[in-house]
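Quick notes on the structure that follows.
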Amino acid sequence: MFRNSITRSLAPSTRSLRAQAQWSIVRPFSASTSRLNSDYSESGFKPLDMFTEEEEMIRETVQRFANEVIQPKVREMDENEQMDPVIIKGLFEQGLMGIETSAAHGGSESSFTSAIIAIEELAKVDPSVSVLCDVHNTLVNTVLRKYATEAQKAKWLPLLATEQLGSFCLSEPASGSDAFALQTRAKKVGDDWVLNGTKMWITNSYEADIFLIFANVDPSKGYKGITCFLATKDMGIQIAKKEQKLGIRASSTCTLNFDDLKIPSENVIGGEGKGYKIAIEILNEGRIGIAAQMLGLARGAFSLSVPYTYTRSQFSQPVGTFQSMAHSFASAATRIETAKLLTYNAARRKEHGLPFVKEAAMAKWWSSKVAQEVSGDAIEWMGGVGFTRETGAEKYWRDSKIGAIYEGTSNIQLQTIAKFIKEEYGS
């Protein structure tokens, strides 16, 4: 377990992040800051980069875990293309695998923004770990919290909060961006459903125990026949292939086969034919998580590379002090800030029940673009050493490429934004 600058010791078992926020944290605090915070509180206005004490507590907890436990394992996991089980266990122990899940179900009962903060902070150190946590929290847990029956919540949410990893199975070989052209079929046989088909590009699937699988129970109804099923690995899910990827290598991405996979009727989530609605709504939320991943990645690349430029001298001065370099830093820092504001604006809107689909698409598109640009610049800022695997700079660039692809490509995000523009300005 890990200690913050707090006087209380940490419990030896999984703990609520909400409880941590009650601990006394010593930090500088001036009278002017006090007045400023009071003014914000009275007016109801808060800057997007102002967070609650609980949210700051989560940020500090994740930063410490990422730096002390994840960082020493990043290169080895990337080279081996394998997530260290110690990391997954640590995520559960830190209360990071049920961030929004209620305390009654073993979770931390924190905010959506808290989940986004955790995803961002993990990505600063290793985007592979970040996506594992992201998919588990913003997709799998959220589906169950929003659409499961009380009996289903009581059975599955405690497991997902404390020990078992989840996987979200939607994409197929012929249904990527057109996700609802899926061909996996489910047929009712007695009190069970029998699934046949293939899923592709499934995150967390190698280590997962719990799978949310989308299949069509009545193809004649088109997308209205799509239904969400919960299955466990021991029911007979087959891992056909583990992909070898350009980036986020420690995050497992597999092809899954279902050959007469028998699932009890009680494991239908949200009702028959409701899978389309579930997937659409959850992916809109999930895009904010991807934006947070890319934001954290960009910040990680920036923090790694810029300090180096002030230690390496050429022509009798640090390379970071040359005007062209300084301007490049300034441009990157500004783009990172805009990505942060877009991401947390979308998160806050979602959290407060406001429309957020357009804002989520903007955040994902822009953050993915910024992550690719800044991580690429970071390699150049460091010169030859940045091109080697030893520093880790090139890993950020490799990891950044997926941001423009999964949970809706950049073109899909732009199309979504354009649709809202047409609704507002079109005749």
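Taken as a whole, the condition of being open to solvent by 50 Å² or more (accessible area, probe 1.4 Å) and in a helix (DSSP H, G or I) applies to residue 384. Could you check, for region 207-220, whether at least one of its residues is within 30 Å of residue 92 (Cβ to Cβ), buried (at least 16 other Cβ atoms within 10 Å of the Cβ) and either among the basic types (Lys, Arg) or out of contact with any helix residue (DSSP H, G or I) (no Cβ under 9 Å at 6 or more places or on another chain) (or both)? Yes, region 207-220 contains at least one residue that is within 30 Å of residue 92 (Cβ to Cβ), buried (at least 16 other Cβ atoms within 10 Å of the Cβ) and either among the basic types (Lys, Arg) or out of contact with any helix residue (DSSP H, G or I) (no Cβ under 9 Å at 6 or more places or on another chain) (or both).
Of the set (1) open to solvent by less than 30 Å² (accessible area, probe 1.4 Å); (2) more than 22 Å from residue 249 (Cβ to Cβ); (3) among the aliphatic types (A, V, I, L, M), all apply to residue 404 but (2).
Checked against the criterion of being open to solvent by 60 Å² or more (accessible area, probe 1.4 Å), in a strand (DSSP E or B) and either of a type in the set (Phe, Trp, Tyr) or touching a residue at least 60 places away in the same chain (Cβ under 8 Å) (or both), the candidates 241, 262 yield just one match: 262. Restricted to region 191-206, and to residues there that are in contact with a helix residue (DSSP H, G or I) (Cβ under 7 Å, 6 or more places away or on another chain) and not β-branched (Val, Ile, Thr), the residue that is surrounded by the fewest Cβ atoms within 10 Å (Cβ to Cβ) is 191.
Give 124, 73 a once-over and let me know the one that is under 17 Å from the mean Cα position of the chain (by Cα) and open to solvent by 40 Å² or more (accessible area, probe 1.4 Å). Even if it seems obvious, please write down each step before you answer.
Details: 73 fails: under 17 Å from the mean Cα position of the chain (by Cα).
Result: 124 is the single residue among 124, 73 that is under 17 Å from the mean Cα position of the chain (by Cα) and open to solvent by 40 Å² or more (accessible area, probe 1.4 Å).
Looking at residue 74, is it assigned to a helix (DSSP H, G or I), aliphatic (A, V, I, L, M), touching a residue at least 60 places away in the same chain (Cβ under 8 Å) and closer than 14 Å to residue 133 by Cα? No.
Exactly one residue out of 199, 221 is touching a strand residue (DSSP E or B) at 6+ places or on another chain (Cβ under 7 Å) and without any contact (Cβ under 8 Å) to a residue 60 or more places away in the chain, and it is 199. The condition (being open to solvent by less than 30 Å² (accessible area, probe 1.4 Å), aliphatic (A, V, I, L, M), within 20 Å of residue 284 (Cα to Cα) and modelled with pLDDT under 95) is satisfied by just one residue among 139, 132, 182, 170: 182.
Of all residues in region 244-259, those satisfying the criterion of being surrounded by 14 or more Cβ atoms within 10 Å (Cβ to Cβ) and either polar (S, T, N, Q) or in a strand (DSSP E or B) (or both) are 251, 252, 253, 254, 255, 256, 257, 258.
The values are calculated or read from the model by the stated rules, or taken from the named source; none is laboratory data. Treat the numbers as computed from the prediction; the structure is a model and nothing was measured. Methodologically, a virtual Cβ is constructed for each residue, glycine included, from the backbone with ideal geometry; neighbour enumeration extends over all protein chains shown. Remember, those area values only see protein heavy atoms, side chains included, never the ligands or the DNA or RNA. Shrake-Rupley method; radii C 1.70, N 1.55, O 1.52, S 1.80 Å.
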